[in-house]
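Dumping the structure here so I can ask a few things about it.
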Amino acid sequence: MIERFLFSSLALLAMASAGALAAETPASLMARYAQEAGVPVSALSAARGAALFRTEHPGRDGQPVRCASCHTDNPKQPGQTRVGKRIEPLAPAANPERFTDAAKVEKWFRRNCQDVLQRECSAQEKGDFIAWLSQVK
Amino acid sequence: MNYLLRGIGVLTTVGLVSLLAFSLPSGEARGDGGGNTLPQLKNKNWQQECASCHIAYAPAFLPKASWRRVMGGLDRHFGENASLDPATQADILRFLEANAADSGTSRMGSKVMQRMGANEAPLRITETRWFVRKHDEVARATWSRKSVGSAANCAACHQQAEKGVFDEHDIRIPK
């Protein structure tokens, strides 16, 4: 009984502190993007997310560009910006802060989809992308 | 004897000045610790947003007109989309203008302005005459070393660039 009480208060505490620090999880963001796209979460595809990450596109200046140009091919490895600043790994397995702040996630999708694809990403693409990264072990 | 007294005097002054400098609350500090050290500034958005891709370049390196151009074109920021929400963008611009080279808040800024033409508003710090002159002994091949990358990477050589310290003796040019 006491154990149970302790456990549930600990769980509550964990939830409360997680809520105070960061309101989102990869799973809650996937749910949000699936809803926005009008599909069930089960319709998000890790394979499509991986393809989005790896596909090369003609950049704004004609130079080929892909997500991996800065993030490297391995989402568990840190990447590097063009001026040499470290980019923390994309995969939550290597970087627990990833996909925990909805505004930050939206900001970087907006910027990077424009840079790589020359357009915004759809809600489905964003959901696929997170679906892929959250199953990287 | 005279030299000894003078030496003690100098040491005491330096000690007092640095004590003063370090005890000032950093956000309000107007004095900089010398010509090559920038005032310690605080602005959450500037530090968080600008420093996610490069070091948060000090406002004192460019005049207000330059910062207005930079912040007005964030959707094509040196080839990349660095757009922000309007409130964050406005907050950062206010901060940059208040501490810009021509705001009279730092000695570094005054030095930058001494060599700036009246209507000049360069987009890059590396285009200012002050920067070019300060780095005229650095060979082109040095800038393009893999360990440096480009002239935008202050911290490659200025070990304490992120703290605003650009003293000559903190420079170590990587191989």
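Scan the stretch B:50-78 for residues that are more than 9 Å from chain A (Cβ to nearest Cβ) and farther than 21 Å from residue B:130 by Cα and jot them down.
Of everything in the stretch B:50-78, those that are more than 9 Å from chain A (Cβ to nearest Cβ) and farther than 21 Å from residue B:130 by Cα turn out to be B:50, B:71, B:72, B:73, B:74, B:77.
Among the candidates B:129, B:94, single out the residue that is over 30 Å from residue A:102 (Cβ atoms) and at pLDDT 95 or above.
The match here is B:129.
Which residues, taken from the stretch B:67-78, are in a helix (DSSP H, G or I) and either free of Cβ contacts under 8 Å to residues at least 40 places away in the same chain or touching an Asp or Glu at 6+ places or on another chain (Cβ under 8 Å) (or both)? Break it down into steps so the answer makes sense when it comes.
Start the filter on the stretch B:67-78 by keeping residues that are in a helix (DSSP H, G or I), which leaves B:67-72, B:74-76.
Selection gives B:67, B:68, B:71, B:72, B:74, B:75, B:76.
Please find, among B:106, B:110, the residue that is free of Cβ contacts under 8 Å to residues at least 24 places away in the same chain, among the hydroxyl-bearing types (Ser, Thr, Tyr) and under 18 Å from residue B:35 (Cβ atoms).
On the way: B:106 fails: free of Cβ contacts under 8 Å to residues at least 24 places away in the same chain.
Checking each option against the conditions leaves just B:110.
Among the residues of the stretch A:51-80, how many are in a loop (DSSP other than H, G, I, E, B), surrounded by 16 or more Cβ atoms within 10 Å (Cβ to Cβ) and within 14 Å of another protein chain (Cβ to nearest Cβ)?
Kept after step one, since they are in a loop (DSSP other than H, G, I, E, B), are these residues of the stretch A:51-80: A:55-56, A:59-63, A:66-67, A:72-78.
Those still in the list that are surrounded by 16 or more Cβ atoms within 10 Å (Cβ to Cβ) too: A:59, A:66-67, A:72, A:75.
Then drop every residue that is not within 14 Å of another protein chain (Cβ to nearest Cβ), which leaves A:59, A:67.
The number of residues fulfilling the criteria is 2.
Could you grab me the full set of residues in the stretch B:136-171 that are under 15 Å from the mean Cα position of the chain (by Cα), assigned to a loop (DSSP other than H, G, I, E, B), closer than 23 Å to residue A:80 by Cβ and more than 14 Å from chain A (Cβ to nearest Cβ)?
B:159, B:160
Among the residues of the stretch A:14-24, are any modelled with pLDDT of 85 or more and not aliphatic (A, V, I, L, M)?
Yes - at least one qualifying residue is present in the stretch A:14-24.
Criterion first (modelled with pLDDT of 95 or more, surrounded by 16 or more Cβ atoms within 10 Å (Cβ to Cβ) and in contact with an Asp or Glu (Cβ under 7 Å, 6 or more places away or on another chain)) does residue B:36 satisfy it? It would help to see each step written out before you state the result.
Details: modelled with pLDDT of 95 or more: no; surrounded by 16 or more Cβ atoms within 10 Å (Cβ to Cβ): yes; in contact with an Asp or Glu (Cβ under 7 Å, 6 or more places away or on another chain): yes.
No: the conditions fail for residue B:36.
Let me ask something else. Quick check on the stretch B:79-101: of everything there that is without any contact (Cβ under 8 Å) to a residue 24 or more places away in the chain and within 14 Å of chain A (Cβ to nearest Cβ), which residue is farthest from residue B:47 (Cα to Cα)?
Restricting to residues being without any contact (Cβ under 8 Å) to a residue 24 or more places away in the chain and within 14 Å of chain A (Cβ to nearest Cβ), the top hit is B:79.
Among the residues of the stretch A:92-113, are any assigned to a helix (DSSP H, G or I) and either touching a residue at least 60 places away in the same chain (Cβ under 8 Å) or in contact with a His (Cβ under 7 Å, 6 or more places away or on another chain) (or both)? Step through it out loud before you land on a result.
Kept after step one, since they are assigned to a helix (DSSP H, G or I), are these residues of the stretch A:92-113: A:102-113.
Subset that is either touching a residue at least 60 places away in the same chain (Cβ under 8 Å) or in contact with a His (Cβ under 7 Å, 6 or more places away or on another chain) (or both): A:102, A:105.
The answer is yes, given that some residue of the stretch A:92-113 is assigned to a helix (DSSP H, G or I) and either touching a residue at least 60 places away in the same chain (Cβ under 8 Å) or in contact with a His (Cβ under 7 Å, 6 or more places away or on another chain) (or both).
Hey, could you check the stretch A:94-126 for residues that are more than 10 Å from chain B (Cβ to nearest Cβ) and in contact with a Ser or Thr (Cβ under 8 Å, 6 or more places away or on another chain) and say which is surrounded by the most Cβ atoms within 10 Å (Cβ to Cβ)?
A:99
Which of the residues belonging to the stretch A:81-91 are assigned to a loop (DSSP other than H, G, I, E, B) and free of Cβ contacts under 8 Å to residues at least 40 places away in the same chain?
Of all residues in the stretch A:81-91, those assigned to a loop (DSSP other than H, G, I, E, B) come to A:81-85, A:88-91.
Passing the criteria: A:81, A:82, A:83, A:84, A:85, A:88, A:89.
The values are calculated or read from the model by the stated rules, or taken from the named source; none is laboratory data. Keep in mind that this is a model prediction, so the values were computed, not measured. Cβ coordinates were reconstructed from backbone atoms using ideal geometry, including for glycine residues, and neighbour counts include every protein chain displayed.
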